[in-house]
Amino acid sequence: RYEDRAALCRIFFRPKCLVDVRELKLTSQVLGAKAAMPFLVGAFPGSGLIQPNGETVVVRPAGERSILQIIPKDSDTSLEEIMKVSQGRDVFYQYSIDSREELHESAGVLNELKTRFPNIRGFFIDVESPTAGNLEHYKKVEASRHQTEEHPAPQLRPKSETEDFRLCWADLQKLKREVDAPIVLKGIQRSEDVVRSRELGFRGVLISNHEGKQLDQGQSAIEILHAARRRLGETSDFDVFVEGGFPRGSDHVKALSLG
């Protein structure tokens, strides 16, 4: 996460003067859905740790302002309740495949979700965590938990240690053929894989290094974005998203400027 911030700080603006900016248009389209701003509200399965109503607190104001949101698979609030609050406004759904059984069922699950909730405009498939990372911070919190029982540590859902299961490109190609909705690969961490995703017919990628939580010493998200855009060139049928270390508005401007 530190390198994400450091990389952004190494990028500087070259401001133009005397440009007429009295009328600005920030509207965009994401996988065919209209958006008032060129960014998404990301999926955060742990929202219940912050406030009791989970994603419903975010989905209502986001929808009212035409800001698109990604709903996580492991949300603290039921999907039915989230969709009720969304009132049919466009959203996306983030899905992870953690076992061979889930892989076999995934196409049916996603197609059923699209049928039940037509306002789901596409799926973000999590590919960044083939195995559980060495989550040192959570281990330290858990180790001191007996001293802070009034503030218990987050309960992480561990990946299976008994099943030798890893997603690969062939699995996702098959899933893409069977699912009647756009698919974005979330967690791509190198520019070559961004290009490969487009060549294989996916609708986009979300560049993310999980802020170093899953794998330390990875390249910063903004540098991967820059390299990917240079490889991709101009394209209108492939969306590139990025996350990781963007707390300031100027960071968003840098990401938009670089691709």
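The values are calculated or read from the model by the stated rules, or taken from the named source; none is laboratory data. All values reported here derive from a predicted model rather than from experimental measurement. We place every Cβ from the backbone using ideal geometry, glycine too, and count neighbours over all the protein chains shown. Protein only, heavy atoms only, side chains kept; ligands, DNA and RNA dropped before computing areas. Shrake-Rupley method; radii C 1.70, N 1.55, O 1.52, S 1.80 Å.
Does residue 192 count as part of a helix (DSSP H, G or I) and modelled with pLDDT of 95 or more?
Working: part of a helix (DSSP H, G or I): yes; modelled with pLDDT of 95 or more: yes.
So residue 192 fits the description; yes.
Looking across the stretch 30-49, the residues that are among the hydrophobic types (A, V, I, L, M, F, W, C) and buried (at least 17 other Cβ atoms within 10 Å of the Cβ) come down to 30, 31, 33, 35, 39, 40, 41, 43, 44. State whether the residues of the stretch 16-26 include one that is touching a residue at least 12 places away in the same chain (Cβ under 8 Å) and in contact with a helix residue (DSSP H, G or I) (Cβ under 7 Å, 6 or more places away or on another chain). No, because not a single residue in the stretch 16-26 is touching a residue at least 12 places away in the same chain (Cβ under 8 Å) and in contact with a helix residue (DSSP H, G or I) (Cβ under 7 Å, 6 or more places away or on another chain). Please identify the pairs in which a residue from the stretch 202-230 that is among the acidic types (Asp, Glu) has its Cβ atom under 7 Å from the Cβ atom of a residue that is open to solvent by less than 40 Å² (accessible area, probe 1.4 Å) and modelled with pLDDT under 90, counting only partners at least 6 apart or on another chain. As it stands, the answer is 211/4; 211/244; 211/245, since those pairs meet every condition given. Is one or more of the residues making up the stretch 9-23 of a type in the set (Phe, Trp, Tyr), closer than 21 Å to residue 85 by Cβ and in a loop (DSSP other than H, G, I, E, B)? The answer is no; no qualifying residue exists.
Across the stretch 233-259, what is the number of residues that are surrounded by 16 or more Cβ atoms within 10 Å (Cβ to Cβ) and not in a loop (DSSP other than H, G, I, E, B)?
If we filter the stretch 233-259 for residues that are surrounded by 16 or more Cβ atoms within 10 Å (Cβ to Cβ), which is where we start, we get 238-246, 251, 254-255, 258-259.
Still in the list and also not in a loop (DSSP other than H, G, I, E, B): 239-242, 251, 254-255, 258.
The number of residues fulfilling the criteria is 8.
Confirm whether residue 141 is among the β-branched types (Val, Ile, Thr), at pLDDT 95 or above and surrounded by 13 or more Cβ atoms within 10 Å (Cβ to Cβ). Taking the combined requirement at face value, the residue does not satisfy it.
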